[in-house]
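K.L.:
Could you have a look at this structure, given as structure tokens, before my questions?
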Amino acid sequence: MTKGDKIDRILDDLQYELLQGVPIIVEGINDKKALSRLGLHGEIMTLSKTTLSELTQALSQKGVKKAIILTDLDPFGNKAAEKLKNFFLNEAIQPDLSYREKLNKLVGVVQFEDLPKIIEEIREE
């Protein structure tokens with residue numbers, strides 16, 4: 001399986017999760033736009049418009065049981081991911097960091113807003 005095939009599988013899995021009602025949490029609007037450019041459509045929420053507490057409460061009120069965390073892989077994003085994980089666990093929401101880790105291992109992405117460009121370059125190889 002090529003790197004491009006592995007990326008496609010991850011994107012397909014993310015879209016499946018979205019279709020099942022699992023929200024994806026990203027840092028900012030550019031990250032959200034990047035995921036949309038990759039064909040991901042569903043509830044993609046940003047941290048830039050709300051506090052962690054407000055976001056967690058909103059998800060809890062909707063009855064969300066699981067949320068995918070796709071914060072950037074930089075110091076700020078790592079700190080945000082850890083805080084989100086803790087907030088979610090306190091509200092019985094399962095935090096899923098696996099896609100963040102898979103994409104990092106596969107393409108070394110640091111900023112998710114750069115993901116479409118990185119994937120395009122891999123597909124051209």
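The values are calculated or read from the model by the stated rules, or taken from the named source; none is laboratory data. In this text the structure is predicted, and so the values were computed from the model without any measurement. Cβ sites come from the backbone with ideal geometry, for glycine too, and all protein chains shown count toward neighbours.
K.L.:
I'm told residue 90 meets every condition in (1) farther than 21 Å from residue 122 by Cα; (2) of a type outside the set (Val, Ile, Thr); (3) surrounded by 12 or more Cβ atoms within 10 Å (Cβ to Cβ); (4) modelled with pLDDT under 95 except one. Can you identify the failing condition by its number?
P.N.:
Exception for residue 90: condition (3).
K.L.:
Restricting the search to segment 1-60, which residues are β-branched (Val, Ile, Thr), surrounded by fewer than 17 Cβ atoms within 10 Å (Cβ to Cβ) and over 14 Å from the mean Cα position of the chain (by Cα)?
P.N.:
2, 50, 51
K.L.:
A further question on this structure: Taking segment 64-118, which residues are of a type in the set (Val, Ile, Thr), under 25 Å from residue 39 (Cβ atoms) and not in a strand (DSSP E or B)?
P.N.:
64, 71, 107, 109, 110, 118
K.L.:
Right, another one. Checking residue 94 against (1) in contact with a helix residue (DSSP H, G or I) (Cβ under 9 Å, 6 or more places away or on another chain); (2) within 14 Å of residue 26 (Cβ to Cβ), which test does it fail?
P.N.:
(2) is the only condition that residue 94 fails.
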